[in-house]
Amino acid sequence: MNTIDIAAKMEQEAIAFYRQCAEKTSAAIGKKMFLSIAADEQYHFECALRMKEDLPVTPSTTTPLEDMKKIFDEHKQEMLQQIPSTADDLEALKVAMKMEEEAIAFYKKASALAANAREKHFFDCLIKDEEEHFHIFQNTYTFLEDSGNWYMWEEKGIVEG
């Protein structure tokens, strides 16, 4: 199995996992977050198939962070309230962060060993998106685990007084 095939398989597994997380989470914003990232992974999967068939790959029109900002803006009032989280929600985010870290490491190796510039560019784009996914999950985990500290650091309450 070559690196493009492995990437496609990894993306398929991520799609299934994030859709499953969306089904299990009770918070509307959590569902939208997981579904948005599942959609990113679906796009990555489709790009991998296009790469395999040596077809052109169309760049995404938005980044994962831009998509997430829209979701959070839509749910601003919900975010201002303490969102209850379950151990399952936090565990799903831990698993998601681990998956993203593993994907980043794999894509960095694949980029370094890429057969050509097109493949290298493809893997570099995947690295960027997966890093954004990781930061989204990490930030969400911090928010759900300790929203008081999250607000302090995100709003820079101590730093800017």
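The values are calculated or read from the model by the stated rules, or taken from the named source; none is laboratory data. Predicted, not measured: the structure shown is a model, and the values here were computed from it. So basically every Cβ, Gly included, is an ideal-geometry build from the backbone, and we count neighbours across all protein chains shown.
Against the list (1) over 19 Å from the mean Cα position of the chain (by Cα); (2) in contact (Cβ under 8 Å) with a residue 24 or more places away in the chain, the condition LYS76 fails is (2).
Counting residues in region 39-59 that are at pLDDT below 95, closer than 20 Å to ARG118 by Cα, polar (S, T, N, Q) and not in a helix (DSSP H, G or I) gives one or more. Restricting attention to region 21-59, the residues that are within 27 Å of PHE72 (Cα to Cα) and exposed (fewer than 13 other Cβ atoms within 10 Å of the Cβ) total 4.
Inspection of region 109-119 identifies no residue that is in a helix (DSSP H, G or I), under 24 Å from LYS9 (Cβ atoms) and within 11 Å of the chain's Cα centre (by Cα).
Taking the conditions (1) within 28 Å of ASP146 (Cβ to Cβ); (2) in contact (Cβ under 8 Å) with a residue 40 or more places away in the chain in turn, LYS69 satisfies each one other than (2).
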